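**Q** I'd like to ask you about the structure that follows.
The values are calculated or read from the model by the stated rules, or taken from the named source; none is laboratory data. Given the structure is predicted, the values throughout are model-derived calculations rather than measurements. Every residue, glycine as well, gets a Cβ built from its backbone with ideal geometry; the counts of neighbours run over all protein chains shown.
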Amino acid sequence: MCQAAEKMFLPYNSPFPFFEHPQTKYFCSSSYSSYLCTMIQVEICTPSRGSAVAAKEGGAQRVELCRELSCGGLTPSDEDIDFCVRMLGLRTHVLVRPRDGDFCYTPSEMAEIEHSVLRCKELGAAAVVVGFLTAEGKVDVEFTRRMVQLAAPMEVTFHRAFDEARQDPVEALKAIAGCGCHRLLTSGQKPTAIEGAEVIRLLNEESKKLKVKILAGCGVTPANVRELIETTGVGEVHGSCKVSLPDGTVQTDAELVRQLIDNISDL
């Protein structure tokens, strides 16, 4: 276990322990009977209950829950949220996205998003994952700030709508932080996080001044996760660890999750 640990406590909605240190919190994930301790937090994107179960089996303790990953993900059902929170005991970050396509929403879609955020809060989710752009392609500050206020005390992650913004990335990050978001999920405005590593590194440096976390994601695998972290300096990574099933769908693979966590356990 972590030698620097000073006390153990159970975080909100998590069956796995954290060890708190004066400067940081050491994230520990359970893989069968052993513990792997790392300062890096791993979030597994899970598009189904089966994927959430696999993520937990692989040692993950935090998931981003969604459905329809083929289009980038949509809001999951209340039943799936409840399953992850209550049955699996996972720290559940819920994607709130009513449809595929762009991130500029109509008033009726905004009302649907507000309802979904409130339902996530009622169901015990730890965070919601949202992203809003204006017609001009900039961060929609007004609606983002409103969702942060509505979501409290849940955390709010601004998702990869950021990567489609027609705005200087640092200015967009400042806008997101100014709205009160807790983290930004980004691939550095490139198709994968490895390709966008230099932008992610710059964003991570800027984030230290803004008190917002950078969550690097898209194309993160057991093979490249260590390189991504060492190149960018991020403290959080996001991956699906998915495999294709015979029916054409995808599902998180427990062994890939385990390998990803193992590969950064000494960082």
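**Q** Kindly indicate the residue of region 202-226 that is more than 21 Å from Ile261 (Cβ to Cβ) and either buried (at least 20 other Cβ atoms within 10 Å of the Cβ) or among the basic types (Lys, Arg) (or both) and also modelled with the lowest pLDDT among those meeting that condition.
**A** Looking at residues that are more than 21 Å from Ile261 (Cβ to Cβ) and either buried (at least 20 other Cβ atoms within 10 Å of the Cβ) or among the basic types (Lys, Arg) (or both), I get Lys211.
**Q** Here's something else I'd like to know. For region 232-242, which residues satisfy the criterion of being crowded, with 17+ Cβ neighbours inside 10 Å and either of a type in the set (A, V, I, L, M) or not in a helix (DSSP H, G or I) (or both)?
**A** Passing the criteria: Val234, Gly235, Glu236, Val237, His238, Gly239, Ser240, Cys241, Lys242.
**Q** Being among the acidic types (Asp, Glu) and in contact (Cβ under 8 Å) with a residue 12 or more places away in the chain is the filter; apply it to region 131-151 and report the residue that is surrounded by the most Cβ atoms within 10 Å (Cβ to Cβ).
**A** My answer is Asp140.
**Q** Lys242 is checked against (1) among the basic types (Lys, Arg); (2) free of Cβ contacts under 8 Å to residues at least 40 places away in the same chain; (3) closer than 17 Å to Pro47 by Cβ and fails just one. What number does that condition carry?
**A** Unmet condition: (2).
**Q** Let me ask something else. Of these, Asp80, Asp100, which one is in contact with a Cys (Cβ under 8 Å, 6 or more places away or on another chain), acidic (Asp, Glu) and either surrounded by fewer than 17 Cβ atoms within 10 Å (Cβ to Cβ) or in a helix (DSSP H, G or I) (or both)?
**A** Just a single option satisfies the conditions, and that option is Asp100.
**Q** Among the residues of region 243-267, which ones are assigned to a helix (DSSP H, G or I) and surrounded by 14 or more Cβ atoms within 10 Å (Cβ to Cβ)?
**A** Ala254, Leu256, Val257, Arg258, Gln259, Leu260, Ile261, Asp262, Asn263
**Q** Thr38 fails exactly one of the following numbered conditions: (1) modelled with pLDDT under 90; (2) out of contact with any strand residue (DSSP E or B) (no Cβ under 7 Å at 6 or more places or on another chain). What is the number of that condition?
**A** (2)
**Q** For region 146-199, which positions are closer than 20 Å to Arg97 by Cβ and hydroxyl-bearing (Ser, Thr, Tyr)?
**A** Thr157, Thr186, Ser187
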